[in-house]
Amino acid sequence: MKKTITFAAAATLAGTLIAGSASAATTLESVKERGHLQCGVTSGLPGFSQPDDKGNWTGLDVDTCRAVAAAIFGDGKKVQFTPLTAKERLTALQSGEIDVLSRNTTWTLTRDASLGLNFTGTNYYDGQGFLVKKAVGVDDAKQLGGATICIQAGTTTELNLADYFRKEGMDFQPIVFNTSEQTVQGFSAGRCDVLTSDRSQLAALRSKLSDPESAVILPNIISKEPLGPVVRQGDDQWFNIVKWTLFTQINAEELGITQENTSDMKKSENPSVQRLLGTTGDMGEKLGLPADYGVKIVEEVGNYGEMYDRNVGPDTPLGLDRGLNALWTDGGIMYAPPVR
């Protein structure tokens, strides 16, 4: 059984790991020697990371890791997945059990500055909300005073919930579970009136109900939840690789580069396209990757929009519109530094 540690102990562990990293092999070297990327994901959340009936992992967070594998190996399948609970996830990364954590994890100051971790970007902009059974007859979170609320331990939602109810002058009774699966089961069984989590996760959990139409996600959003992949501090090259893998996907969508047209786009006279696809410049060399790393990312996994639509978009069971996750040119805030 995996063990969890306190934030204080985690910070001490992180400092020890960083101090000893100078003499150790770089993460990229270790991944290449092993022959695959080790990625930490959820134990099962539709649209983000979930194994199918054949054990094949799918989801937005899964594809984020496949894109990193494609950048390194030219093969998005060279990745293995470690399912982790919310309590286990940060410790698993700190201890070196995984190379990257891609598990709907919120970027916060405490996690970024005191645990020896680096967030490499945001692959989904989210916010905390509430899932309520329609029979309760509630249509606004300000009507939830005195409610019993199912919540997952080890998440930012616990503090957000307490802050919101204190601000609104309301009481509530928390019912805490260790996993998202247990949380939705508790909600379905009537252990609580309300389930709270990131709105994307609420959409995923709602899809697991025997009758998804029996519950509704309230319109209230009570927090900012920028979700994205995380790496250990102390290896700047690895930090850059994971970061620029995501940035490459975002830039590819903006430039109109897709899985189907990469061959044609290699002939483009657009300098930005040429640099991203490696037909000119030395972008890959700067990262310690092959010159065509951008081609492999898009061919194997797709640009950001393709990855989003395939896993959580309007035509999936989650049915999530792009919203804030649309490109900055399309009314959203998804934006990446230029490849130059």
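The values are calculated or read from the model by the stated rules, or taken from the named source; none is laboratory data. Bear in mind that the values here come from a model prediction, so they are computed numbers and not experimental data. Using ideal geometry, Cβ is built from the backbone for each residue, glycine included, and neighbour counts are taken over all protein chains shown. Protein only, heavy atoms only, side chains kept; ligands, DNA and RNA dropped before computing areas. Shrake-Rupley method; radii C 1.70, N 1.55, O 1.52, S 1.80 Å.
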Given a cut-off of 39 Å, what percent of all Cα-Cα pairs of the chain lie beyond it?
-> 15
For the range 300-340, fraction of C-alpha pairs farther apart than 16 Å, in % = 40
Of all DSSP beta bridges located in the chain, what percent are antiparallel, nearest 5?
-> 55
Karplus-derived 3J(HN,Hα) from phi for the range 228-235 (6.51 cos²θ - 1.76 cosθ + 1.60, θ = phi - 60°), whole Hz, x at Gly and Pro, runs x, x, 10, 10, 6, 6, x, 9
Show which aspartates and glutamates lie in cross-link reach of K142 when reach means a straight Cα distance below 13 angstrom and same-chain residues fewer than eight apart are skipped.
-> E168, D171
Reachable aspartates and glutamates, given that their alpha-carbon falls under 18 Å from the alpha-carbon of K133 and they are not under 8 places away in the same chain | E181, D193, D198, D211, E213
Would you mind computing Rg(Cα) / (2.2 N^0.38 Å) for the range 90-156, counting N as its residues?
-> 1.52
Which of A135, A71, A92 fluctuates most in a GNM of the chain (C-alpha springs under 10 Å)? That residue is A135
Across all directions of projection, what mean area in square nanometres is found for the Cα convex hull of the range 177-334?
-> 11.9
Counting alpha carbon pairs within less than 8 Å and at least 6 residues apart, what relative contact order, in whole percent, applies to the chain?
-> 21
Sequence-distant residues sharing a close amide H with L45 (under 5 Å, placed H) = Q50
Farthest toward positive dipole pole in the range 67-214 [+1 Lys/Arg, -1 Asp/Glu at C-beta], among Q80, T122, T108 = Q80
Determine the per residue accessible area of the range 218-312 with all protein chains present and a 1.4 angstrom probe, expressed in square angstrom.
-> 41
Tally up the carbon and sulfur contribution to the accessible surface of the chain as a whole percent, 1.4 Å probe, everything protein left in place.
-> 49
For the range 41-176, what class follows from the C-alpha gyration tensor (a ≥ b ≥ c being the square roots of its eigenvalues): rounded when a/c is under 1.5, otherwise prolate if a/b is larger than b/c, else oblate?
-> prolate
Sequence order, the range 79-96: Karplus ³J(HN,Hα) from phi using 6.51 cos²θ - 1.76 cosθ + 1.60, θ = phi - 60°, Hz rounded, Gly and Pro as x, gives 8, 10, 10, 10, x, 9, 7, 4, 5, 7, 4, 6, 5, 4, 6, 4, 7, x
Given the alpha-carbon gyration tensor of the range 116-253, what are the semi-axes of its equivalent ellipsoid in whole angstrom, ordered largest first, with each equal to the square root of 5 times an eigenvalue?
-> 32, 16, 14
May I ask you to list the lysines whose Cα is less than 26 Å away from that of K267, ignoring any residue fewer than eight positions away on the same chain?
-> K286, K296
Going through K54/K134; K134/K167; K78/K224; K32/K54 one by one, the pairs whose alpha carbons sit over 31 Å apart turn out to be K54/K134; K78/K224
What 222 nm value per residue comes from the helices of the chain, counting each DSSP H run with n ≥ 4 as -39,500 (n - 2.57) and dividing by all residues, nearest 500 deg cm²/dmol?
-> -11000 deg cm²/dmol
If amide H atoms are built 1.01 Å from N in the plane of the peptide, which residues on other chains or at least 5 residues away come under 5 Å of the amide H of F130?
-> L218
Regarding the range 246-340, what whole-number volume in Å³ per residue does the convex hull of its Cα atoms give?
-> 93
Mind listing the long-range amide H neighbours of Y124? Cut-off is under 5 Å, sequence gap 5 or more, other chains count too, H placed in the peptide plane at 1.01 Å from N.
-> L227
Please tell me the relative contact order of the range 266-340 in percent, rounded to the nearest whole number, where contacts are Cα pairs under 8 Å and at least six residues apart.
-> 20
Cα-based Rg of the range 26-88 per 2.2 N^0.38 Å, rounded to two decimals?
-> 1.11
